[in-house]
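S.K.: One structure, pasted below without further comment.
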Amino acid sequence: MSLLPELPSSWQQVIGDEFNKSYMQKLQDFLQQEIASGKVIYPPTRLIFSAFDHTSFDKTRVVIIGQDPYHGPDQAMGLSFSVPYGVKVPPSLVNIFKEVQGDLGVLLSGGGDLTPWAEQGVLLLNATLTVEQAKAGSHQKKGWEEFTDAAIAALNTQREGLVFVLWGSYAQKKGAVIDRQKHLVLESPHPSPLSAHRGFFGNHQFSKINDYLEQRGQRPITWAL
């Protein structure tokens, strides 16, 4: 029996077959062993597929690719870059909010919960969907990357006119397969304090996203939180 929650039906139809593949069986075995040994895994099991729960396959309009879940207590909630309301906003998200404000002139509440973005069609997808407490990158190369590659591939081939946002070299490599004739791909340095000043600040990507959506007859994303 799988410890993973059920994938929402819209995603189950396009990537549900991944669960029958050997890499996914090995990943589930790995997670069960880690939990059985007493290790603390983030996010909580019920939130592992939160990105898919909040943003269905057919309603996805923007994809923001992250790397790992946060590995501190109470931070990870299954949405890339997002933390629950009331949790201190991490440095990369602080910089994302600075760029939103600088680009669009909107005021943000100070909370780090990006669920309102997800509910408007922004898929906040980490490449790796679990992590061990206090050990960044600990669940990389265990199978999650293949699973999230399948999700990106399905969006790339079966949808048109999406916006893929690739911050930093890791996301850019993961997004290398995206058809730039069918979709808008926005790249910049990562919002981390180590790299944000190298071109993340001033990239105006939030207004570019909305301009593109409006050109396609869609409502813009309300980035204010």
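The values are calculated or read from the model by the stated rules, or taken from the named source; none is laboratory data. All values derive from a computational prediction rather than experimental measurement. Cβ sites come from the backbone with ideal geometry, for glycine too, and all protein chains shown count toward neighbours. Side chains are part of the model used for accessible areas, which takes the heavy atoms of the whole protein and leaves out ligands, DNA and RNA. Shrake-Rupley method; radii C 1.70, N 1.55, O 1.52, S 1.80 Å.
S.K.: Using the structure shown, decide if residue 200 is in a helix (DSSP H, G or I), within 22 Å of residue 98 (Cα to Cα) and in contact (Cβ under 8 Å) with a residue 24 or more places away in the chain.
M.R.: Taking the combined requirement at face value, the residue does not satisfy it.
S.K.: Residue 170: of a type in the set (Phe, Trp, Tyr), over 22 Å from residue 198 (Cα atoms) and open to solvent by 20 Å² or more (accessible area, probe 1.4 Å), yes or no?
M.R.: no
S.K.: Looking at (1) more than 27 Å from residue 176 (Cα to Cα); (2) of a type in the set (Val, Ile, Thr); (3) modelled with pLDDT of 95 or more, which is the one condition that is false for residue 64?
M.R.: Every condition holds for residue 64 apart from (1).
S.K.: Looking at (1) outside any loop (DSSP other than H, G, I, E, B); (2) surrounded by fewer than 22 Cβ atoms within 10 Å (Cβ to Cβ), can you tell me which one residue 56 breaks?
M.R.: Condition (1) is where residue 56 drops out.
S.K.: Considering each residue of region 76-121, count those that are more than 15 Å from residue 51 (Cα to Cα), part of a loop (DSSP other than H, G, I, E, B) and open to solvent by 20 Å² or more (accessible area, probe 1.4 Å), and give that number.
M.R.: The total comes to 11.
S.K.: Taking the options 192, 169, name whichever one is among the polar types (S, T, N, Q) and in contact with a helix residue (DSSP H, G or I) (Cβ under 9 Å, 6 or more places away or on another chain).
M.R.: Only one candidate passes the filter, namely 192.
S.K.: Working only within region 17-37, note down all residues that are free of Cβ contacts under 8 Å to residues at least 40 places away in the same chain, surrounded by 13 or more Cβ atoms within 10 Å (Cβ to Cβ) and within 19 Å of residue 53 (Cα to Cα).
M.R.: 19, the sole residue that qualifies.
S.K.: Taking the condition closer than 24 Å to residue 144 by Cβ, out of contact with any Lys or Arg (no Cβ under 9 Å at 6 or more places or on another chain) and surrounded by 15 or more Cβ atoms within 10 Å (Cβ to Cβ), does residue 68 pass?
M.R.: Answer is yes for this residue.
S.K.: Can you find a residue that is of a type in the set (Ser, Thr, Tyr) and under 30 Å from residue 32 (Cα atoms) anywhere in region 189-206?
M.R.: No - not one qualifying residue is present in region 189-206.
S.K.: Please verify whether region 169-192 includes one or more residues that are assigned to a helix (DSSP H, G or I), among the β-branched types (Val, Ile, Thr), closer than 30 Å to residue 9 by Cβ and modelled with pLDDT of 95 or more.
M.R.: Within region 169-192 (the criterion being assigned to a helix (DSSP H, G or I), among the β-branched types (Val, Ile, Thr), closer than 30 Å to residue 9 by Cβ and modelled with pLDDT of 95 or more), the answer is no, since none of the residues qualifies.
S.K.: For residue 10, state whether it is within 30 Å of residue 216 (Cβ to Cβ), part of a helix (DSSP H, G or I) and open to solvent by less than 80 Å² (accessible area, probe 1.4 Å).
M.R.: Yes.
S.K.: May I ask you to verify whether residue 159 is free of Cβ contacts under 8 Å to residues at least 12 places away in the same chain and either open to solvent by 10 Å² or more (accessible area, probe 1.4 Å) or farther than 20 Å from residue 89 by Cβ (or both)?
M.R.: In short, no.
S.K.: Same structure again: Of everything in region 122-156, what is farther than 24 Å from residue 181 by Cβ, open to solvent by 20 Å² or more (accessible area, probe 1.4 Å), outside any strand (DSSP E or B) and in contact (Cβ under 8 Å) with a residue 12 or more places away in the chain? Give them in sequence order.
M.R.: Within region 122-156, 133, 134, 136, 137, 138, 140, 142, 145, 146 meet the criteria.
S.K.: Further question: Among the residues of region 203-218, which ones are of a type outside the set (S, T, N, Q), in contact (Cβ under 8 Å) with a residue 12 or more places away in the chain and in a loop (DSSP other than H, G, I, E, B)?
M.R.: Matches in region 203-218: 204, 216.
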